[in-house]
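For reference, the structure discussed in these notes is given below.
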Amino acid sequence: MSRIPLLACAAEFGLLLSATGLLAAQAQTMSRIGNVTGNADAGKREYRRYCVGCHGPAGDGLGENAQWIDPKPRDFTAAVFKCRSTPTGSLPTDEDLFHSVSRGVVTTNMPSWEPLTRQARANVVAYIKTFSSRWATQGPGTPITIPAETPANIESILRGRDVFQKMECWKCHGPAGHGDGPAASTLTDSKDNPIRPYNFSTGSRFKCGETNADVYRIFMTGLDGTPMPSFADLMQPNDAWDLVHFLRTLQPLQTPEAAIWQTWLPAHAKELKPLGPDQGGR
Amino acid sequence: MRTRLITSLPLLALAVSAMGALSAPVKTAGGVSGTITFTGTPPRMRPIDMSKEPSCASQHPTPVMTETVMAGAGNTVQNVVVYISAGDQAGAAAAQPVRYDQKGCQYVPHVLVMQVGQPLEIYNNDQTSHNIHPLATINPEWNKSQPPGTPPIKATYAKPEFITVKCNVHPWMHGYFAVLATSHYAISGNDGKFSLAGLAPGKYTITAWHEKFGTQSQEVTVSASGTVTANFVFKALPY
Ligand SMILES: [Cu+2]
């Protein structure tokens, strides 16, 4: 599994970033991605070439292609981002933006920009930050810490199932994680466009990553600008890892957690109360 | 807080001079009061269907009505925030926290006024999770889940803004935070009446905000004593 090296790498990034302690004014026209420094002036050229059609010349998400696109391209003037390592309500780090630009946003029109050089991506990240004065006045939030993953065994999965029930994830995502909970059909994003909760049976990738650490980060920090709330103040690391392990059993691909679950389930299905409104759990 | 100020004149004088509003010792101060009404036909408030959340529905023997326009006898309007929008001396924010409750899947109060920097505490009194999602645009937008029995969520806002508050789980839950730069504000009651007291003599702009009717402002001159009247008339557009 490539998950562990990725996590270690992310931790290193975080360290580097906090060590540099950039000045706010500088930070707005620059970005720092590991040892690469992005420059907004250079980024403007790349932006005009690759991003403007969707995100618009003013960065407001109203590019000429935006009218045909759902979900809509991000409005950088609002400076509200889905994929953050930082608490809800705070700005993402340069790394967060860099990862989003590199990864793209699965199931949407936002492509992966991996083909551009690291330097070009760092530049364009610096340029995106010039669209909102929030970068000059606030700076990014402090990334949440993600402690080492706990063992993914059946006990952890079952505890995670209880967390899923207790935190009422099913209200939006549905008892089986199919994105069809009782509140699902009424949801809108913060710009009043209809939005659907993530359907866990559709794959193993998320808008904001694909590793177990990414899943942990997603529900802890929330997806700002959407109904998906932050749970960071409500869960201890152990609970959060348990929940990650349970969420993996809802996915169709052979995740190790799904394998454990499928081996255990046939002999024990009757011990489980259904998830959802009827006080489910064990 | 304002009512306490008017009851005791010495205290009032103290408060005003402490704010540095006047250099000379203050003997008296005035106020503004008025009534808020509307013309036209207001939108009808509709019953809310809470059947998807039985633990809340069971708390309401009769259906809860939407609270967008709360009209009283004689076309008065409740829940209008009236405040000094210009001419006020900036004072320190009140240290006393303001409280916002979720009870029976409703926000209490429907419109919560607070000052910039004033501590805000949000409570969940229900047996269901809510997510508190204030859709701020000038201040940062955040979104937090609050399951039953968890501690209050604490927050402050740094800039003045009227913020729509939403719970995504219960789409009928709709409220407002009115974050103000001034400590002089009032919210109209069911009789449409408001009063702002403890104002040093001078010229002020006062603004009235309503979630559906929008905002209106007018200039008033407050003398060393007595209360000036400022009424506001909103227009209910046909819906
Ligand atoms: Cu709610």
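The values are calculated or read from the model by the stated rules, or taken from the named source; none is laboratory data. Predicted model only: the values in this text are computed from it and were never measured. Please note: Cβ atoms are built from the backbone with ideal geometry, for glycine as well, and neighbour counts cover all protein chains shown. When the accessible area is computed, the model is the full protein with side chains, heavy atoms only, and any ligands, DNA or RNA have been set aside. Shrake-Rupley method; radii C 1.70, N 1.55, O 1.52, S 1.80 Å.
Data table
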{"item": "Region A:154-213: number of residues that are of a type in the set (D, E, K, R) and in contact with a helix residue (DSSP H, G or I) (Cβ under 6 Å, 6 or more places away or on another chain)", "result": "2"}
{"item": "Of residues in region B:142-159 being closer than 18 Å to B:ARG99 by Cα and more than 9 Å from chain A (Cβ to nearest Cβ), the one nearest to the ligand (Cβ to nearest atom)", "result": "B:PRO148"}
{"item": "Any hit, region B:82-101, residues being modelled with pLDDT of 95 or more, in contact with a Gly (Cβ under 9 Å, 6 or more places away or on another chain) and aliphatic (A, V, I, L, M)", "result": "yes"}
{"item": "Subset of region A:56-91 that is closer than 21 Å to A:SER230 by Cβ and among the charged types (D, E, K, R) - its residue that is surrounded by the most Cβ atoms within 10 Å (Cβ to Cβ)", "result": "A:ARG84"}
{"item": "Sole residue being part of a helix (DSSP H, G or I), at pLDDT 95 or above, closer than 30 Å to A:ALA148 by Cβ and open to solvent by 20 Å² or more (accessible area, probe 1.4 Å), chosen from A:SER18, A:SER100", "result": "A:SER100"}
{"item": "Test: residue in region B:190-202 that is away from the ligand (no atom under 16 Å from the Cβ), touching a residue at least 24 places away in the same chain (Cβ under 8 Å) and of a type in the set (Ser, Thr, Tyr)", "result": "yes"}
{"item": "Residue tally, condition at the interface with chain B (Cβ under 9 Å from one of its Cβ atoms) and under 19 Å from the mean Cα position of the chain (by Cα), over region A:171-185", "result": "1"}
{"item": "Region B:118-128 - residue that is within 16 Å of the ligand (Cβ to nearest atom) and outside any strand (DSSP E or B) and, of those, surrounded by the most Cβ atoms within 10 Å (Cβ to Cβ)", "result": "B:ASP126"}
{"item": "Odd one out for B:PRO171 among (1) touching a strand residue (DSSP E or B) at 6+ places or on another chain (Cβ under 8 Å); (2) of a type outside the set (Ser, Thr, Tyr); (3) within 16 Å of the ligand (Cβ to nearest atom)", "result": "(1)"}
{"item": "A:ASP214 vs. criteria more than 14 Å from chain B (Cβ to nearest Cβ) and touching a strand residue (DSSP E or B) at 6+ places or on another chain (Cβ under 9 Å)", "result": "yes"}
{"item": "When residues of region A:161-170 are limited to those that are of a type outside the set (A, V, I, L, M, F, W, C) and within 12 Å of chain B (Cβ to nearest Cβ), the one nearest to the chain's Cα centre (by Cα)", "result": "A:GLU168"}
{"item": "Region B:125-155: number of residues that are within 23 Å of A:ASP189 (Cα to Cα) and not hydrophobic (A, V, I, L, M, F, W, C)", "result": "15"}
{"item": "Test: B:GLU67 is closer than 20 Å to B:HIS174 by Cα and either open to solvent by 30 Å² or more (accessible area, probe 1.4 Å) or outside the structural domain of B:SER223 (by TED's automatic domain parsing) (or both)", "result": "yes"}
{"item": "Filtered residues of region A:164-190 (kept if part of a helix (DSSP H, G or I) and open to solvent by less than 20 Å² (accessible area, probe 1.4 Å))", "result": "A:PHE164, A:TRP170, A:LYS171, A:ALA184"}
{"item": "Lone unmet requirement of (1) away from chain A (no Cβ under 14 Å); (2) away from the ligand (no atom under 16 Å from the Cβ); (3) open to solvent by less than 10 Å² (accessible area, probe 1.4 Å) for B:ALA136", "result": "(1)"}
{"item": "Matching residues, region B:36-64, being open to solvent by 80 Å² or more (accessible area, probe 1.4 Å), within 14 Å of another protein chain (Cβ to nearest Cβ) and not in a loop (DSSP other than H, G, I, E, B)", "result": "B:PRO54"}
{"item": "Matching entry among A:ASP278, A:ASP242, A:ASP214 (being of a type outside the set (Val, Ile, Thr) and not assigned by TED's automatic domain parsing to the domain that holds A:ARG159)", "result": "A:ASP278"}
{"item": "Residues within region B:183-201 that are among the polar types (S, T, N, Q) and open to solvent by less than 10 Å² (accessible area, probe 1.4 Å), tallied", "result": "1"}
{"item": "Selected residue [away from chain B (no Cβ under 14 Å) and under 19 Å from the mean Cα position of the chain (by Cα)] from A:THR226, A:THR202, A:THR188", "result": "A:THR202"}
{"item": "Selection status of B:ASN131, assigned to a loop (DSSP other than H, G, I, E, B), closer than 28 Å to B:SER58 by Cα, within 16 Å of the ligand (Cβ to nearest atom) and not aliphatic (A, V, I, L, M)", "result": "no"}
{"item": "Matching entry among A:ILE154, A:ILE144, A:ILE128 (being in contact (Cβ under 8 Å) with a residue 12 or more places away in the chain and surrounded by 20 or more Cβ atoms within 10 Å (Cβ to Cβ))", "result": "A:ILE128"}
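Quick grid of which residues meet (1) surrounded by fewer than 21 Cβ atoms within 10 Å (Cβ to Cβ); (2) out of contact with any Gly (no Cβ under 9 Å at 6 or more places or on another chain):
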| residue | (1), (2) |
| --- | --- |
| A:ASN193 | yes, yes |
| A:ASN199 | yes, no |
| A:ARG205 | yes, yes |
| A:CYS208 | no, yes |
| A:ASP224 | no, no |
| A:PRO229 | no, no |
| A:MET235 | yes, yes |
| A:LEU243 | no, no |
| A:GLN251 | yes, no |
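Results for (1) of a type outside the set (S, T, N, Q); (2) within 16 Å of the ligand (Cβ to nearest atom); (3) open to solvent by 50 Å² or more (accessible area, probe 1.4 Å), shown as yes or no for each residue.
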{"position": "B:ASN75", "(1), (2), (3)": "no, no, yes"}
{"position": "B:ASN79", "(1), (2), (3)": "no, no, no"}
{"position": "B:ALA93", "(1), (2), (3)": "yes, no, no"}
{"position": "B:VAL98", "(1), (2), (3)": "yes, no, no"}
{"position": "B:GLN102", "(1), (2), (3)": "no, yes, no"}
{"position": "B:GLN106", "(1), (2), (3)": "no, yes, no"}
{"position": "B:HIS110", "(1), (2), (3)": "yes, yes, no"}
{"position": "B:VAL113", "(1), (2), (3)": "yes, no, no"}
{"position": "B:VAL116", "(1), (2), (3)": "yes, no, no"}
